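Read the structure below first, then the notes.
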Amino acid sequence: MVQKADPRIEEAKLKPINEVADRLAIEGLKRAGRELVGPCPNCGGHDRFSINSDMGIFNCRSCGGGDVIRLVELVQGCDFKTALTWLCGDAPVNVDPAEAERRRKRFEATKNKREREAQSYRQYARRRAFGIWQSGEAASGTDAESYLRLRGLPLAQIPPCIRFIADHPFDKKIAGQNRRLHSGPAMIAAIQAPDGRFSGVHQTWLDLSQPKGKALIYDPDGRPMGAKLVLGPKRTGAIRLHTPEGAKTMVMGEGIETTATAWVSDAVPKAAYWAGVDLGNMAGRQVREKGKRHSGLPDLSDGSDGFVPPNWVQQLIYIMDGDSHPKDTHAKLLAGCRRAMARVPGLASKIVPSEHGKDLNDMIMGEPENG
Ligand SMILES: [Zn+2]
């Protein structure tokens, strides 16, 4: 297993990912805030592919993500070694130790700089998110309560992690410019970090005249945007809808609506109901396996962030939303369950599909996942 690392690996990781993307002739990318977003060069999926040049990583919601080397592998359809050669030229037979040390130091410096920038951006985003949270009012008696009722969720008591803003702007950075695409009533949910601290906001713009209660928002080209935005660090966090005294089971869905549906139907009595914000957070990073898009195995190395339940949870139930890629979604959730079981002693977990018209309670009472 221990192998002298190819010095080109560190050299490759120094290469700015946006320049590598240009060299790969990836087309149609547009700037959106801190990222470049556009069609995926591998699967073609629209608005699923993004490049974060601060962090030197990319992600496709269908193909997965990674660093510059992985990007070359994906676009060129080649293996790791070939990708390295494409990026850095042929493997050196003998590397001068002084040169290797210079490369290593350069790599460390670039990595630290990226991490500092990412950290300060996270702090800035958290502060902005907290400002939004503070400007919200209690949700009871507002459109947020009506929205939840419209979605079949007559929550007797709206949890304090949900607030309401009567006129909230929906801003997006498009081609480097901040554009206001919409403004109106919004449901604001607090995302809390594992230590309970405020971490970010999950915002849903509402229009109660629409069948699903959500506002229709379009980008300047007339394409639908989706009515939700998250601001602030969300990784490892959750929207804590309901945490009863003495709970030992946690039920988690991706969205507020799915999770609240399970709560309202009392799918598991005395359980805690937390929303996981998004699939990536519930899954965390996965170990890459050759020839597989998703290995279902969690990457447990440092910094491979994903949600892990608190130690009082003995059973974790992940609700799997209906999706166009059920196998991928299942693999992601499985990686998340396995990460949680590796980190929380004695934890059991299972994944239950949320299919329309089926009783969630029946599905939750089914067989457990094999860890
Ligand atoms: Zn893709």
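The values are calculated or read from the model by the stated rules, or taken from the named source; none is laboratory data. These numbers come from a predicted model, not from an experiment. Every residue, glycine as well, gets a Cβ built from its backbone with ideal geometry; the counts of neighbours run over all protein chains shown. For the accessible areas, the whole protein counts, side chains as well, though only heavy atoms, and no ligand, DNA or RNA atoms are used. Shrake-Rupley method; radii C 1.70, N 1.55, O 1.52, S 1.80 Å.
Quick notes
- Qualifying GluC sites (Glu not before Pro) in region 2-63, where qualification requires a DSSP coil assignment and no more than 12 other C-beta atoms within 10 Å, comprise Glu27.
- Taking all protein chains as they are arranged and a probe of 1.4 Å, the heavy atoms of Ile256 leave approximately 0 Å² accessible to solvent.
- Comparing Lys327, Lys30, Lys248 in a Gaussian network model of the chain (Cα springs below 10 Å), the most mobile by mean-square fluctuation is Lys327.
- Once the 1.4 Å probe is applied to the protein heavy atoms, the chain comes out at 52 Å² accessible per residue.
- The ratio of the alpha-carbon radius of gyration of the chain to the globular-protein estimate 2.2 N^0.38 Å is 1.06.
- For the pair region 191-254 and region 129-179, the centres of their Cα atoms are 9 angstrom apart.
- Structure remark: mean-square fluctuation, Gaussian network model of the chain, C-alpha springs under 10 Å; the largest value among Ala193, Ala175, Ala267 belongs to Ala175.
- The chain - charge dipole about Cα centre, Lys and Arg +1 at Cβ, Asp and Glu -1, debye rounded to 20: 760 debye
- Here's the list of lysines a cross-link from Lys105 could span, going by alpha-carbon distance under 21 Å and ignoring same-chain residues fewer than 8 apart: Lys4, Lys13, Lys15, Lys113.
- The chain: most fluctuating residue of Asn52, Asn281, Asn112 per GNM, C-alpha cutoff 10 Å: Asn112
- Checking every one of the GluC sites (Glu not before Pro) in region 212-304 against DSSP loop status and a limit of 12 other Cβ atoms within 10 Å picks out Glu245, Glu289.
- Carbon and sulfur %, accessible surface of the chain computed with the full protein complex present, 1.4 Å: 48 percent
- Rounded to 5, percent antiparallel among DSSP beta bridges of the chain: 75 percent
- Under 19 Å from the Lys270 label point (7 Å along Cα→beta-carbon), backbone N, region 224-258: 242-252
- Listed pairs Lys30/Lys327; Lys214/Lys292; Lys214/Lys248; Lys30/Lys228 exceeding 26 Å between Cα atoms: Lys30/Lys327; Lys214/Lys292; Lys214/Lys248
- Sequence of Ser135, Ser295 when ordered by accessible area, the most exposed leading, probe 1.4 angstrom: Ser135, Ser295
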